[in-house]
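One structure is given below, encoded as structure tokens.
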Amino acid sequence: MNSNKNWKLLSESDPDIYDAIVGEEKRQARGIELIPSENYTWPEVLAANGSILTNKYSEGYPGRRYYGGQEYADIIESLAIERAKKLFRCEHANVQPLSGSPMNQAVYFAFLNLGDTILAMDLSHGGHLTHGAPVSHMGKVFNFVRYKTCPDKKGKIDFDELMKIAKEVKPKIVMCGYTSYPRDYDYADFKKVADEVGAIAFADVAHIGGLIAAGAMRNPFDYGFDIVATTTHKSLRGPRGAMILCREKYAEAIDRSVFPGLQGGPHMQTIAAIAVALGKALQPEFKDYGQQVLKNAKILAQTLMENGTKLITDGTDNHMMVADTMISFGIDGKVAEQILDKISITVNKQVIPDDSNPPLKPSGIRLGTPAATTRGMKEKEMEQIGKWIVGALKNYQDEDYLANLKKEVEELFSKFPVPGIL
């Protein structure tokens, strides 16, 4: 448990790795992460995630393990399960998925045969790679029919069209949930479509799981959803892991699909860290955090639009936004990402709906506010960050301008320390 001693040992035995970790600490502290899928976790989560539980194999589930010596592993996983059920108001929780991709794969394999149809969001319109992108293994194993957003509805979904598609293709799963969709999820409409064709209603809320837990955004279970899955980092501020939440009738199928169907031994150090994060999210302060994330996102979006930035949905209902940098500044998303890196603001390049540019040089960037909010930034800081972003992208060829901007950026961010970094 002596972390200081462990760090000293690492610095002596592998200085290259030690120096890279210290370098990453400094990078995170001097700049700001605006990638919507990134956040700063609690120091207590870091402690659990780097604990001696790394040594323990715990194949199976609490009370039903394949190895001995599980008394503490069972306590930890049971706490994580109960906290997840309480936080998301669900009947069953599996906290073993290693990340978002295996989380989704476990749901598919729990209920589908090879070649069965899933109705999910098109990648360029906001869907995730695991929602049936042709380059993914899942896109080859199952028949994904992809729906799109509607530009006439400010990026929202045309549910009349979605119902028509569902009746034609008869999916086994109707899936909602996205990786770059700046609107709230229309769960009632999705459930209506799923019920009409006798499909399972599945929500992948990996990005907004923390905002649902905080009560800042709608909970799919309140609209009759069958399965809800979320990663545990991003807006939930936990370690890099995932959970599948469901109604009791689906519990056995989900558990068998995760183990032994897809995974072997769970990462108990991560499950301990998930339990810690869920405990934190149950505190009243987390509700305030969730509301502030949304307030910050709206101010950032408003500032960007007022200063000439085209957002693909003309605003945001959640924690993120996608900016069309080709229309706004005449540069692609890769260049925009690199420019903002120069002033210590980290975003990610992002495809826009039906993007004519390739994924590694797309037409936009994606931004979000969970990490900035974690560091205590509020509306005033978001407005300033928005102006800095626009200034940098408009004047990207002026190196002196960018150098001065970098100093201003880092001076502000130095007043908002990163949790867990001394």
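Do you know which of the residues in the stretch 387-422 that are over 22 Å from the mean Cα position of the chain (by Cα) and among the small types (G, A, S) is modelled with the lowest pLDDT? Checking each candidate, the answer is S414. Listed by position, the helices (runs of 4 or more DSSP H) contained in the stretch 177-268 that have at least 1 residues being under 24 Å from K148 (Cα atoms) and touching a residue at least 24 places away in the same chain (Cβ under 8 Å) are 187-197, 209-213. The set of residues in the stretch 366-422 that are polar (S, T, N, Q) and free of Cβ contacts under 8 Å to residues at least 40 places away in the same chain comprises Q384, N395, Q397, N404. When the stretch 167-185 is limited to residues that are modelled with pLDDT of 90 or more and surrounded by fewer than 24 Cβ atoms within 10 Å (Cβ to Cβ), the one that is nearest to K298 (Cα to Cα) turns out to be I173. Taking the stretch 378-422 as the range and being loosely packed, with under 13 Cβ neighbours inside 10 Å and under 25 Å from K295 (Cβ atoms) as the test, the residues that pass are K380, E411, S414, K415. Among the residues of the stretch 218-249, those identified as of a type outside the set (F, W, Y), surrounded by fewer than 22 Cβ atoms within 10 Å (Cβ to Cβ) and closer than 25 Å to I173 by Cα are R218, N219, D222, G224, D226, R247, E248, K249.
Here is the figure for the stretch 291-313: residues that are under 18 Å from the mean Cα position of the chain (by Cα) and surrounded by 23 or more Cβ atoms within 10 Å (Cβ to Cβ) total 3. Annotation note: Cβ proximity below 9 Å between a residue of the stretch 280-308 that is on the phi > 0 side of the Ramachandran plot and a residue that is of a type in the set (S, T, Y) and assigned to a helix (DSSP H, G or I) (sequence gap 6+ or interchain) occurs for G308/S328. If you take the residues of the stretch 88-103 that are surrounded by fewer than 23 Cβ atoms within 10 Å (Cβ to Cβ) and in contact with a Gly (Cβ under 9 Å, 6 or more places away or on another chain), which of them is farthest from T54 (Cα to Cα)? Here the answer is F88.
When R89, R65 are checked against the criterion of being closer than 27 Å to T130 by Cα and among the charged types (D, E, K, R), a single residue qualifies: R89. Residue-level check: of (1) surrounded by fewer than 18 Cβ atoms within 10 Å (Cβ to Cβ); (2) more than 30 Å from R375 (Cα to Cα), P266 misses just (1). Residues of the stretch 141-159 being modelled with pLDDT of 90 or more and either surrounded by fewer than 19 Cβ atoms within 10 Å (Cβ to Cβ) or small (G, A, S) (or both), which ones? If the condition is that a residue be modelled with pLDDT of 90 or more and either surrounded by fewer than 19 Cβ atoms within 10 Å (Cβ to Cβ) or small (G, A, S) (or both), then V141, N143, V145 are the ones that fit.
Residue check: is F111 modelled with pLDDT of 95 or more and surrounded by 16 or more Cβ atoms within 10 Å (Cβ to Cβ)? The answer is yes for F111.
Scanning the stretch 299-310 for residues that are in a loop (DSSP other than H, G, I, E, B) and among the small types (G, A, S) returns a single hit, G308.
When the stretch 337-346 is limited to residues that are of a type outside the set (A, V, I, L, M, F, W, C) and touching a Lys or Arg at 6+ places or on another chain (Cβ under 8 Å), the one that is surrounded by the most Cβ atoms within 10 Å (Cβ to Cβ) turns out to be E337.
For the stretch 378-413, residues that are farther than 20 Å from L300 by Cα and small (G, A, S) total 1.
Go over the candidates S51, S78 one by one and state the one that is polar (S, T, N, Q) and farther than 30 Å from G177 by Cα.
Only one candidate passes the filter, namely S51.
Considering the stretch 314-331, and only residues there that are within 24 Å of M377 (Cα to Cα) and among the β-branched types (V, I, T), the residue that is surrounded by the fewest Cβ atoms within 10 Å (Cβ to Cβ) turns out to be T316.
For the condition touching a Pro at 6+ places or on another chain (Cβ under 8 Å), buried (at least 21 other Cβ atoms within 10 Å of the Cβ) and either free of Cβ contacts under 8 Å to residues at least 24 places away in the same chain or more than 17 Å from W388 (Cα to Cα) (or both), what is the one hit in K349, K334?
From the options K349, K334, the qualifying one is K349.
The values are calculated or read from the model by the stated rules, or taken from the named source; none is laboratory data. In this text, all values refer to a predicted model and were calculated from it rather than measured experimentally. Positions of Cβ are generated from backbone atoms using ideal geometry, with glycine treated the same way; all protein chains shown enter the neighbour counts.
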